[in-house]
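Taking it in order: structure first as structure tokens, then the write-up.
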Amino acid sequence: MKRALAAAALTLAGRALLVRLALAKLRRDVRALNGGDYRPLLANFAEDAVLHFNDGEHRWAGVHRGRAAVERFLQNFVAAGIRGELSELVVGGPPWRMTLVARFDDYAQAPDGREIYRNRTALVAHARWGRIVRQEDFYEDTARIDAFEASLRALGVQPMA
């Protein structure tokens, strides 16, 4: 009985440590993203990753298949001047079939400093051995993304090819 309790305690402690380490790493990657460097975040995606983003009349719409497509997505994210904060992370499942759910709040400002975008997001990612293989982003208000796209175009910020 003591062995079983010790094993359970060790398992719980290991899981808590895993979540704390993952959150620290992802926050560091988001800080780099906020500074214009998307590469640390991109490194978390598998070569065959699929990123599902809500449909609409904006540069991020649709399904982005493969790491190169995810990279273009992130390049557009950085080029648009979006900044964000990862505030929560919930992790479930074993390392070979892990699910991560994160809260990510993002915003952007025009060159004159006025805020032109703000939204709250739930990111649901499925990972294998530390690499994201599928991610879906769910926004509080998807109409804000379309309005943001209109603001970007009015400012002359074109999508990356």
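Some observations on this one:
- In region 2-154, Cα pairs under 8 Å separated by at least six residues give a relative contact order of 20 percent.
- For the chain, the mean residue ellipticity at 222 nm estimated from helices alone is -12500 deg cm²/dmol, where every DSSP H run of n ≥ 4 contributes -39500 (n - 2.57) and the total is divided by all residues, rounded to the nearest 500.
- Label-to-label distance, nm, for residues given as residue 2 and residue 161 (7 Å Cα→Cβ offset): 7.0
- Å³ per residue enclosed by the Cα convex hull of the chain: 107
- Whole-Hz couplings from phi, Karplus 6.51/-1.76/1.60, listed for region 53-62; x for Gly and Pro: 10, 4, 6, x, 9, 8, 5, 9, 4, x
- Taking the centroid of alpha carbons for each part, region 24-54 and region 105-161 are 13 Å apart.
- Full-extension gain in nm, residue 43 to residue 19, via 0.36 nm per residue minus C-alpha separation: 6.8 nm
- Taking the DSSP beta bridges with both ends in the chain, the antiparallel portion is around 90 percent.
The numbers here are math on the coordinates, done by the rules we state, and not lab data. Bear in mind the structure is a predicted one, so any value in this text is a computation, not a measurement. All Cβ positions, glycine included, derive from the backbone under ideal geometry; neighbour counts span all protein chains shown.
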